[in-house]
Amino acid sequence: MSLTRPLEELVQVLGDLLKVPNGRRVINEILENYLKELYEYNSKLPKGFAVKPIHYVKSKGKKYVYFGRYFYKYERVGGKVRWKYVGREPPKGYPPPPVNPLEGIKFVVEKDYLLVDESEVETNEILSGILKKYLKNKNVGI
């Protein structure tokens, strides 16, 4: 195993999966910061256009969550917001939306734990940074 000793002490290894305690809190903090950037970006788009901050899809008993990936036109009708899918490209003349810091990382949040493949940690700077931040908060050096 290529993990450093302090990481091994704090993170439970389940085969190729790492089970990080308090991982939900860390992921929520990252998403909260990202969503602030996304709302700021949406405020600069033409009226009625937005990158939908969070999009839920249920398929074959699984739940998928997409953050800031797709553009929509929206309108308010009788107190409800109706979203119409436009695509992945921003409106003409506008820059692309902020990049989701968790884009491409496959993970599961179960109760208060973050479950992630060890290979994701080894190859993804953002995810390894998340774990380093977690360890720093626990006053453990890497």
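What follows is calculated from the coordinates using simple rules that are stated; it is not laboratory data. What you see is a predicted model; the values in this text were computed from it and never measured. Neighbour counts are summed over all protein chains in view; Cβ atoms, including those assigned to glycine, are modelled from backbone coordinates with ideal geometry.
Net length available on complete extension from Lys73 to Glu37 is 11.0 nm, with 0.36 nm assigned per residue and the Cα-Cα distance removed.
Averaging the inverse of every distinct alpha carbon separation and then flipping it gives the Kirkwood radius. What is it for region 5-137, in angstrom units? Kirkwood radius, region 5-137: 16.8 Å.
Taking 25 Å as the straight-line reach from the Cα of Lys73, the lysines in range (excluding those fewer than 8 positions away in the same chain) are Lys36, Lys44, Lys47, Lys52, Lys58, Lys63, Lys84, Lys92. Each residue, Asn22 and Arg88, gets one label point 7 Å from its Cα in the Cβ direction; the gap between the two is 3.6 nm.
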